[in-house]
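Where a number appears in this text, it was derived from the coordinates with a stated rule and is not lab data. Bear in mind that the values here come from a model prediction, so they are computed numbers and not experimental data. Positions of Cβ are backbone-derived with ideal geometry, glycine not excepted, and every protein chain shown enters the neighbour counts.
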Amino acid sequence: MSPSLSVVADNDLKTSPKTETVAERVRRLQAEAKLLAKDHIRALSDQMVAVEQMAAEIAEGGEAYPPGVRELASRLVEDLDSRVQTLEAIVSRTL
């Protein structure tokens, strides 16, 4: 006859991790969401700077670009610089 097997639970209640309360979970998730939002805003700012640099290249690109495109790119450089500064100021106050 083969020996019988039985399942024995290995639940040591003294060493089990503390259960997170709803309030703790909310705080943790809010902190995580703020961190993700900050990363997302940083990515937006980086992309705006990249577009600003490309627009500056076009604005200074000479006769290869039509005059209207160069003028638009020049205005975009000025606008994006101001917008990036505004974005960074808002973030520094709120996050």
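Rounded to the nearest 10 degrees, the angle from helix 67-94 to the longest Cα principal axis of the chain is 40 degrees. In the elastic network of the chain, a GNM with C-alpha springs shorter than 10 Å, the most mobile of GLU57, GLU32, GLU20 is GLU20. Full extension of the chain between GLU60 and ALA23 yields a length gain of 7.8 nm, computed as 0.36 nm times the residue separation minus the alpha carbon distance. The C-alpha atoms of the chain define a longest principal axis, and helix 22-59 lies at about 20 degrees to it.
Using r as the Cβ-Cβ distance of LEU35 and SER4, and R0 as 41 Å, what FRET efficiency do you calculate, to the nearest 0.05? E between LEU35 and SER4, to the nearest 0.05, is 0.20.
Projected label points at ALA43 and VAL91, each 7 Å from Cα along the beta carbon direction, are separated by 1.2 nanometres.
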